Amino acid sequence: MHLSKVAASALAALVAGAAVTVALATAAPAGAAAGTGTGYLRTSGNKIVDSTGATVRLTGINWFGMETDNKTFHGLWSSNPWKSQIDLMARLGYNTLRVPYSNDALKPGAAATGINDYVNPDLIGLSPMQILDKVVDYAGTKGMRIILDRHRPTSAGQSPLWYVPATPETTWINDWKALAQHYAGNPTVIGADLHNEPHAQGTNPNATGACWGCGDQARDWRLAAERAGNAVLSVNPNWLIFVEGVSCPSGGEPNIWDGDPSNDEDCGWWGGNLSKAGQFPVRLNVANRLVYSPHEYATSVYHQSWFDDPAYPANMPAIWDKYWGYLYRQNIAPIMLGEFGTTLASNVDKIWLQELMKYMGTGVNGMSFTYWSWNPNSGDTGGIVNDDWTTINQAKQDILQPYLIPPVGGPTSTPSGTPSSTPSSTPTVVPPGSCTVAYRQVNSWQGGFQGEVTVKNTGSSPMTAWSATWTYPSGVTLVNGWNAVVTQSGTTWTAKGPDYARTLAPGASVVVGFTANGPAGNPQNAACS
């Protein structure tokens, strides 16, 4: 979305470098995959399945910025390092990252801006694609999956059609093919969301926007999705192809003043109307690769008429069924709700989010989704993280949490692109009792360093209100911490379970990250309880 509006308002060159294959978690028995499963994904009826045939549910988050003038993820300017943000996403239960980008970020010489060099020294001088490679590699170690979203043809803004003069259809398709080739063999990256929010433009009968099934090669989004999707699959047949809807199937805004009811069609959110996909399905040359990906929003984006229905919210399932849910319920194809979000500023929106999550279903057999957004700087929805990019919006997280399927961490991979200068891990400290503490230095720079403390419950009972302590010499001072409440008193440092994760289950672990001023070195006297 990123400050999008709705139709109802009437209103490749890539960085060279070999992709790295990341081995993901093995599948669990009984037809349900652990986390995001193993190997590449495909479809089976209305399900997404892994390479063993086990059902996978993507429960993800959007992290935007690469589609803007910054050409890279927003929040890299904050005091929370990029890896720790991914750590927090995974710990909260988001197993997939949808990454919006614009074609400008893929151009030779594209520069990433808005990066806090002090907090993210490993990103200094990297191109947008090199940063994306690092995010892909690190997310893969968490067992997360990546969906690439062509959000804008240029960083200037979204477009009704998939092309603009500065980015013709040939560039759109060639850049997709280059991305598909770049990440071939790396199952962390699972597919292409071909174009974000195709929508109507012009007033009927003089439509100039994206239609569905109209047959006009220049405007029929269904046909364009076939051209691009098949081009992608020609170089990387393992990818899923995510296809959004339109807003008005005709491609034009309704004309309520002309007295012609034929122009007054039923329209929905930008990218959210798949009502014609049953009649005019997307046809791909590789079977079992198509996922429909509508968008759905609350009143904080636009006050649709259905929010005023006296039957609200009981009227909503029928509306969702009409626009996109029927594809899932009739076993035609999987649904991956690519964007949905709200500020939760009104009770109407809170009810909307609660009911939408219920509609999508619980457990591994529910519909997949990527929430909009991680970023707090989305003007009409806000984010899961607050403005500090570290603490979370607990009200939103509480609604989403029961539907999240956390990733299962994969093995560490060697980053693509520029080699990392990350120091080696230091030895694990095992205190007495039923928990362990392990320390790893993640990064260091002149005058400071970044570290991680992993606390693991090795006992057979939950650790309630868990905490860990360790000491540093005088002169080492805490800058900030994440994934726990980290404090310092003299030379003693303490990490306690945050409100959203006070209990550590048997066998579970938490990675507590922090940055500090002073000389780097191993902590002493580590203990946990």
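The values are calculated or read from the model by the stated rules, or taken from the named source; none is laboratory data. Keep in mind it's a predicted model, so treat the numbers as computed, not measured. A quick note on method: Cβ atoms are made from the backbone with ideal geometry, for glycine too, and the neighbour counts reach across all protein chains shown. Side chains are part of the model used for accessible areas, which takes the heavy atoms of the whole protein and leaves out ligands, DNA and RNA. Shrake-Rupley method; radii C 1.70, N 1.55, O 1.52, S 1.80 Å.
How many angstrom lie between the C-alpha centres of segment 335-401 and segment 148-177?
Taking the Cα centre of each part, segment 335-401 and segment 148-177 sit 27 Å apart.
Taking the Cα atoms of segment 100-172, what is the range of coordinates along each of the three principal axes, in descending order and whole Å?
Sorted from largest, the Cα extents of segment 100-172 read 38, 27, 18 Å.
Hey, what did segment 306-372 get for relative contact order, percent, Cα under 8 Å, at least 6 apart?
Taking the mean separation of contacting Cα pairs over the length of segment 306-372, I get 34 percent.
So how far, in whole Å, is the C-alpha centre of segment 186-259 from the one of segment 504-529?
Segment 186-259 and segment 504-529 have Cα centres separated by 48 Å.
Take the residue pairs 71/322; 142/322; 134/396; 322/396 and return only those whose Cα atoms are more than 32 Å apart.
71/322; 142/322
For the chain, give the share of DSSP beta bridges that are antiparallel, in percent and rounded to the nearest 5; count only bridges with both residues there.
60
What does the charge count near residue 321 come to, summing +1 for each Lys or Arg and -1 for each Asp or Glu among other residues with Cβ under 14 Å from its Cβ?
0
Can you work out the accessible area per residue across the chain, with the rest of the protein chains kept in place, probe 1.4 Å, in square angstrom?
Details: 18460 Å² over 529 residues.
Heavy-atom accessible area per residue stands at 35 Å².
Accessible area of segment 458-522 with a 1.4 Å probe: how many percent of it is carbon plus sulfur? Walk me through the intermediate numbers first.
On the way: 1460 of 2850 Å².
Summing carbon and sulfur atoms, their accessible area is 51 percent of the total for segment 458-522.
May I ask you to list the aspartates and glutamates whose Cα is less than 19 Å away from that of residue 456, ignoring any residue fewer than eight positions away on the same chain?
87, 499
Calculate for the chain the 222 nm mean residue ellipticity that helices alone would give, adding -39,500 (n - 2.57) per DSSP H run of length 4 or more and normalising by residue count, nearest 500 deg cm²/dmol. Numbers along the way, then the final one.
On the way: 8 runs with 84 residues, N = 529.
So the helix-based figure for the chain works out to -4500 deg cm²/dmol.
Using alpha-carbon positions, what is the distance between the centroids of segment 298-325 and segment 458-497, in Å?
Value for the Cα centre distance between the two parts: 46 Å.
What does the charge add up to near residue 42, with Lys and Arg as +1, Asp and Glu as -1, over the other residues with Cβ less than 14 Å from its Cβ?
Value of the local net charge: +2.
May I ask for the Rg/Rh ratio of segment 70-201, computed from Cα atoms with Rh as the Kirkwood radius, given to two decimals?
0.97
Over 5 Å intervals from 0, what percent of Cα-Cα pairs in segment 234-390 sits in each interval?
2, 8, 15, 19, 19, 16, 11, 7, 3, 1, 0
By the scheme Lys and Arg +1, Asp and Glu -1, what is the net charge of all other residues having a beta-carbon under 9 Å from that of residue 98? If you can, show how the numbers build up before the last one.
Working: positive: none; negative: 149, 193, 339.
Within the 9 Å Cβ shell, the charges total -3.
Give me the percent of accessible area attributable to carbon and sulfur for segment 330-407, probe 1.4 angstrom.
Working: 1280 of 2570 Å².
Roughly 50 percent of what the probe reaches on segment 330-407 is carbon or sulfur.
Give me the percent of the accessible area of segment 51-146 that comes from carbon and sulfur atoms, probe 1.4 Å, all protein chains in place.
52
Among the DSSP beta bridges whose two residues both lie in segment 227-370, what percent are antiparallel, rounded to the nearest 5?
10
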